[in-house]
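Please read the structure below before turning to the comments.
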Amino acid sequence: MTDTTQQTLSNNLTLTIPHDLGGLRLDVALQNMLPEHSRSRLQAWIKEGLVTVNAAPSTSKTKVWGGEKVVVQVQTKPEINAYTAEDIPLNIVFEDEHILVINKPAGMVVHPAAGNWSGTLLNALLFYAPQLKEVPRAGIVHRLDKDTSGLLVVAKTLAAQTNLVRQLQARTVKREYRAIVWGQIWRNGTIDQPIGRDPRSRTKMAINRAGKPAITRYEMLERFSVQTYMRCNLETGRTHQIRVHMQHLKAPIVGDSVYGFRGIVPIRAMTQTLRDAVSQFNRQALHAIKLGLLHPATDEFVEWQIELADDMKALLEGMRHEDVRDEEEDFELSFGGLQTEPYLADEDYEDDDEFDDDEDLEAEDLATEDLEGDDEE
């Protein structure tokens, strides 16, 4: 076989079809010449116009006879570059030689995963601190959902990472969130319900008796006409924990398109000011506002608190223009056309067995850097 091959910086591959492949379909000939790529992938590139024969578009069924000049625009698998350093700004709240505390903006994914192989916090960390490539997962020990903002701690050394993971497992890390939910919460409480994969939708989590233990403590901070501003404290860190638990409480987080209830937004009960504020809010109203832990090097308790995210501040201002209802019995909310008791104390759910936001890194995860199982949204 006598072919001429040239790889350019633009990732274009120039080939000459050898005469001993004459008479074959284009996709078959290319599969012989480029065995590192599957035939289906080559066919997809041809269909997308990424392959030309003698400078002209072609089809997979086109016959080649030898001597044709073929240019293939090789498309690199995006996951290959998952651990590439990227110059992405970081809002660093605290840093020393052992840990970083970061205020993550809404819209940023923490770990690379399907659909988000670049532009993540991990990519930003590798650019900011290149030595983190020596630490599993670039030092990340827990994560926030893409559209949740707020505080995250990152280990800068393997020793610090191991220490932080053990603290998370021992439930000694203190994490406080602020959430805005639909409806009026009338009393504080605790939700102690296990969370696992939703058996009806594998891309979601749900209260699942076969799931992992999950505990969220919640407290009402401000109650408005159709919404409540809440403090939530995590004792565990499960995927989408607060969002699932608020759904279970029948008080879904404002802006949550995954765990909200359809048809519950009480448009007629809101002023135009609040309608505008809600319509402009395009993510779940959840913010990790406070983080406390034992410093991995000194074993002293340290704590950080940040301001509420600007978009949540604006939403709260819109809510404060509403008239607050003073009587619990006056409030009623429709859930998909079904009238239910909207907000029950945690004990009311203890016998509920209908089901058989961040998540912490397990100790065994330190031995692997496979991110495919991460459930970042």
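The values are calculated or read from the model by the stated rules, or taken from the named source; none is laboratory data. The model shown is predicted, which means the values in this text are computed figures rather than measured ones. Glycine gets a Cβ as well: all are built from the backbone with ideal geometry, and neighbour counts include every protein chain shown. Areas reflect the complete protein model, heavy atoms only, side chains present, ligands, DNA and RNA absent. Shrake-Rupley method; radii C 1.70, N 1.55, O 1.52, S 1.80 Å.
On inspection, D147 qualifies as of a type in the set (D, E, K, R), assigned to a loop (DSSP other than H, G, I, E, B) and crowded, with 19+ Cβ neighbours inside 10 Å. Comparison of T273, T216, T228 shows that the only residue that is open to solvent by less than 20 Å² (accessible area, probe 1.4 Å), farther than 22 Å from K146 by Cβ and outside any loop (DSSP other than H, G, I, E, B) is T228. Just so you know, in region 232-251 the residues that are basic (K, R) and within 18 Å of the chain's Cα centre (by Cα) include one that is most open to solvent (accessible area, probe 1.4 Å), and it is R238. Among the residues making up region 163-207, a single one is of a type in the set (F, W, Y), buried (at least 21 other Cβ atoms within 10 Å of the Cβ) and either at pLDDT below 95 or not in a strand (DSSP E or B) (or both): W182. Take G237 and decide whether it is in a loop (DSSP other than H, G, I, E, B) and in contact with a Leu (Cβ under 8 Å, 6 or more places away or on another chain). Yes, satisfied.
One residue stands out among those in region 19-43 that are small (G, A, S) and open to solvent by less than 40 Å² (accessible area, probe 1.4 Å): the one that is nearest to V74 (Cα to Cα), which is A29.
Matching residues to (1) touching a helix residue (DSSP H, G or I) at 6+ places or on another chain (Cβ under 8 Å); (2) under 14 Å from V141 (Cα atoms):
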| residue | (1), (2) |
| --- | --- |
| L158 | yes, yes |
| T162 | yes, yes |
| A179 | yes, no |
| G183 | no, no |
| R187 | no, no |
| I191 | yes, no |
| P199 | no, no |
| A206 | yes, no |
| G211 | no, no |
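Picking from residues in region 111-122 that are at pLDDT below 95 and not hydroxyl-bearing (S, T, Y), the one that is surrounded by the most Cβ atoms within 10 Å (Cβ to Cβ) is P112.
Results for (1) under 30 Å from I140 (Cα atoms); (2) modelled with pLDDT of 90 or more; (3) in a loop (DSSP other than H, G, I, E, B); (4) not hydroxyl-bearing (S, T, Y), shown as yes or no for each residue.
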| position | (1), (2), (3), (4) |
| --- | --- |
| L30 | no, yes, no, yes |
| E36 | no, no, yes, yes |
| V71 | no, yes, no, yes |
| Q75 | yes, no, yes, yes |
| E79 | yes, no, no, yes |
| D87 | yes, yes, yes, yes |
| L90 | yes, yes, yes, yes |
| A106 | yes, yes, yes, yes |
| V109 | yes, yes, yes, yes |
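For region 93-110, the set of residues classified as open to solvent by less than 70 Å² (accessible area, probe 1.4 Å) and either in contact with a helix residue (DSSP H, G or I) (Cβ under 8 Å, 6 or more places away or on another chain) or farther than 19 Å from K290 by Cα (or both) consists of H98, I99, L100, I102, K104, A106, G107, M108, V109, V110, listed by residue number.
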